[in-house]
Amino acid sequence: MQSLSHTLHQIYARFLPEPNMETLFWLSVTLAVFALGVRLQIRLGRAPWANPVLFAIAFVALGLLVTETPYATYFESVKIINFLLGPATVALAIPLADSIRLVTRSLPAMTLALLAGSVTSVVSGIVLVLLLGGSHEVALSMAPKAVTTPIAIAITTQIGGIPALTAAFAILGGIIAAMIGETILRRLGITDWRAHGLAAGIAGSGIAAAQVAQRDPVGAAFAALGIGLNGLVTAIIVPLILYFLPG
Amino acid sequence: MPEAFLILILFQLLGSALQMVLHLPVPGPVIGMFLLAAALLWKRSRTRTDGPKASSFDTPALSSLSRTLIACLGLLFVPAGVGLVTQMPVLLANGLPIAVALFGSTLLGLMVTAFVMHRATHDRPSPERIPDTGGQVL
């Protein structure tokens, strides 16, 4: 009887904590590396190019490579972080409601900027890939890259792109926009949070919006609007643009 | 705080349910965001006319939870972002067109959006201006 209980405990101690340990390990790594990235950014005079998201992605990817951990195992461990994206998106409603006066006042300007930005983003993505000899599939996957990922994947599936590639482009584009967007816009003499927020939401989707949102509530409100509205507009214009673009 | 988190989850649930039932092209959390903003505005317009009555869900806890979540929004993209490693072979095979198109298209999109927005609003009062911190953020 005692030996049976001992064996059971051995089995328990051997197997049960393992997935739990793995979850805790990768959660710790992800949080630690991101926190380190944030500190590094502050140390570097809060430079936008020292983006903590890129820093964390690079180091975790290196960690997966070194430990020979498959991405699926990693994602399973840290899916609680990914899950929080949902509530965090809903949370953008609060800055949006707080700056509703500014939003209604700039509604006509926003509509214009939204249409111009969406069309530019889609057309330039397709044309640049094709001009530089990229494949048709890559060009199609590039078309909806500025939209929030679930919409981008739905669009790319519909037009014949590769969903995983579109997801990769959305993340890379967001990182690019977060790293150099603000500096470039300020060089152009654009200092208004409404323009910065809307541009980040439309051209850089989530990651660039995150960068603007944590700096200013008005920026957060316009970034939230940019993400939501650009999703709708792009879903409508991508099939239209492809209809008119030959090839 | 539990109530505040419940509000966010409930609106995400509501948004996702609407998306499923009506086959909308917009993701559930984004619909939830618009619904919650509408609910907050409706609640605020009513409390303004009815006098200062504490509203049931427009609480300081909701504001502070939202600030916390938005402050670490970047972290939440890391799990999906690491998925880039699974696409590395395809990305490297088409390296040049992908790199140029990503940079070019993202920058063009940013500049056109911000420029049109800036031009179309620029004669109106814009009280919130970015202090020129010489390229510094946060």
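With angles folded into 0 to 90 degrees, how steeply does helix A:193-203 sit against the dominant principal axis of chain A? Use alpha carbons for both and round to 10. Around 70 degrees separate the two axes.
Taking Cα atoms only, the orientation of helix A:52-67 departs from the longest principal axis of chain A by about 40 degrees. Computed from the Cα positions only, the extents of the protein assembly as shown along the three principal axes stand at 84, 64, 48 Å, in decreasing order.
In angstrom, the C-alpha Rg and Dmax of segment A:158-247 are 14.3, 43. What the Cα convex hull of segment B:1-76 gives, in volume per residue, is 101 Å³. Across A:ILE171, A:ILE80, A:ILE237, mean-square fluctuation computed from a Gaussian network of chain A (C-alpha pairs under 10 Å connected) peaks at A:ILE80. Pairs of Cα atoms in segment A:1-83 fall into 10 Å distance bins, from 0 up to the last occupied one, in shares of 16, 36, 23, 14, 7, 3, 1 percent. Compared with the dominant Cα axis of chain A, that is its longest principal axis, helix A:163-187 is turned about 60°.
Of A:PRO70, A:PRO48, A:PRO217, the residue with the greatest mean-square motion in the GNM of chain A, using alpha carbon springs below 10 Å, is A:PRO70.
Note on chain A: GNM, Cα springs under 10 Å; of A:ALA210, A:ALA235, A:ALA109, the largest mean-square fluctuation is that of A:ALA109.
No lab work stands behind these numbers, since they all come straight from the coordinates. Here the structure is a predicted model, which is why all the values come from computation and not from measurement.
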